[in-house]
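Every number in this text was worked out from the coordinates using simple rules, so none of it is lab data. Note that the structure is a prediction, hence the values are computed from the model and not measured. As a convention, Cβ positions derive from the backbone with ideal geometry for all residues, glycine included, and neighbour counts pool all protein chains shown.
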């Protein structure tokens, strides 16, 4: 296996869409059941800071964070995904760490994310990163990390 490289904002919208489509079934519920993946990839490309893991020229892991709040009260993690063949290798955790570190340098007060209440694997990962349940409307869980 070729070495996995980490980078920030390297991939284009088409590459992001391809990655999200490959990971579609791993989202709970499926990403395509909630949004148009191509439009979402364009939004991520244009408006989010992206932490990427790349192997053989393809995205294998992606964390996308909106850092658009001018008051710097809260950044928002919009997407966390790792291709199935690369899960369990710490890639998602490492990309999250890089994103959290980056948001801290921007002096935001917190980072928020929403996750399906049925996605226990993701919730456990976020709890390991010290995200705390902030709101639960049964389908979605809002989690927050105070910085």
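Out of all the residues in the stretch 125-147, which are within 14 Å of residue 28 (Cα to Cα) and either free of Cβ contacts under 8 Å to residues at least 12 places away in the same chain or outside any loop (DSSP other than H, G, I, E, B) (or both)?
Narrowing the stretch 125-147 to residues within 14 Å of residue 28 (Cα to Cα): 138-141.
Of everything in the stretch 125-147, those that are within 14 Å of residue 28 (Cα to Cα) and either free of Cβ contacts under 8 Å to residues at least 12 places away in the same chain or outside any loop (DSSP other than H, G, I, E, B) (or both) turn out to be 140, 141.
Residue under question is residue 95, and the condition is that it be touching a strand residue (DSSP E or B) at 6+ places or on another chain (Cβ under 9 Å), surrounded by 18 or more Cβ atoms within 10 Å (Cβ to Cβ) and not in a helix (DSSP H, G or I); does it hold?
So residue 95 fails the test.
For residue 78, all conditions in the list (1) crowded, with 20+ Cβ neighbours inside 10 Å; (2) free of Cβ contacts under 8 Å to residues at least 40 places away in the same chain; (3) in a strand (DSSP E or B) hold save one; what is the number of the exception?
Going through (1) crowded, with 20+ Cβ neighbours inside 10 Å; (2) free of Cβ contacts under 8 Å to residues at least 40 places away in the same chain; (3) in a strand (DSSP E or B) one by one, residue 78 breaks only (1).
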